[in-house]
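The structure under discussion appears below in the form of C-alpha cells.
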Amino acid sequence: MCGPVPPAPMQDLAAAVAMGRYSGVLALGSETKDLADASSLKSAGLSVVLAAHEGPLVASATVVLPASSWAETTGTYVNARGLSQESEQAIGPIGASRPAWKLLAALAIRLGQDLGWRKLSDVRDAMARGSASVPPGSPRAVGASS
C-alpha cells in the first residue's frame, strides 16, 4: 500500500529507478506522458504492469497482467475533474482479463500479503479508511479514467 503520502510525478519514479533505489515497479495502466519515463523503467529488475491496452509501460514491462477495461467491469471511477462516475459492466471480460483490483489482490496473496479484498466493497472500504478526505462508505476510484 502506498500509505498517506501523495503520489509523486512519474519523472521522480524514473529517476529513483535509474539511481537503483527500487528493484521493482508495479504500474496500473499503460500510458505515460513521456516515453523516456517508460524506457527508464526497464532498468528496474522487474516491472509488472496491470493494463487493459497497449502502451509505453506495457512495451517496457517484464510482466503484463490483463486488466479489464471500464466496459468489462462494474466500478466507480473518478475523472480528471475529481467527479465520481459509476459504471455498470457493459460487455463480458475479454480473454483472461480481470478487474485491476482483483489482479492486485491475487498478486499480493502470491507475495504473502493478503489485502483482504474479496469484493469491490472491500476495496472501497479500505480506500475510505486510508484517506482522511473521504468519509467512510463514500465511493472511491478502483481505477482511474479521465
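Could you please give the count of residues in the range 78-96 that are under 18 Å from residue 123 (Cα atoms) and surrounded by 14 or more Cβ atoms within 10 Å (Cβ to Cβ)?
3
What do you reckon, is residue 16 aliphatic (A, V, I, L, M), outside the structural domain of residue 116 (by TED's automatic domain parsing) and outside any strand (DSSP E or B)?
Details: aliphatic (A, V, I, L, M): yes; outside the structural domain of residue 116 (by TED's automatic domain parsing): yes; outside any strand (DSSP E or B): yes.
Yes.
Considering only residues that are surrounded by fewer than 19 Cβ atoms within 10 Å (Cβ to Cβ) and more than 14 Å from the chain's Cα centre (by Cα), which ones fall in the range 28-55?
If the condition is that a residue be surrounded by fewer than 19 Cβ atoms within 10 Å (Cβ to Cβ) and more than 14 Å from the chain's Cα centre (by Cα), then 33, 34, 35, 36, 39, 42, 43, 45, 46, 54, 55 are the ones that fit.
Condition test on residue 75, is it surrounded by fewer than 18 Cβ atoms within 10 Å (Cβ to Cβ), at pLDDT below 95, farther than 19 Å from residue 25 by Cα and not assigned by TED's automatic domain parsing to the domain that holds residue 48? Break it down stepwise before answering.
Working: surrounded by fewer than 18 Cβ atoms within 10 Å (Cβ to Cβ): no; at pLDDT below 95: yes; farther than 19 Å from residue 25 by Cα: yes; not assigned by TED's automatic domain parsing to the domain that holds residue 48: yes.
So residue 75 does not fit the description; no.
Does residue 100 satisfy being in contact with a strand residue (DSSP E or B) (Cβ under 8 Å, 6 or more places away or on another chain), among the hydrophobic types (A, V, I, L, M, F, W, C) and at pLDDT 90 or above? Steps first, answer last, please.
Working: in contact with a strand residue (DSSP E or B) (Cβ under 8 Å, 6 or more places away or on another chain): yes; among the hydrophobic types (A, V, I, L, M, F, W, C): yes; at pLDDT 90 or above: yes.
So residue 100 fits the description; yes.
The values are calculated or read from the model by the stated rules, or taken from the named source; none is laboratory data. Just so it is clear, the model here is predicted, and its values are computed rather than measured. Quick reminder, even Gly has a Cβ in these numbers, built from the backbone with ideal geometry, and neighbours come from all protein chains shown.
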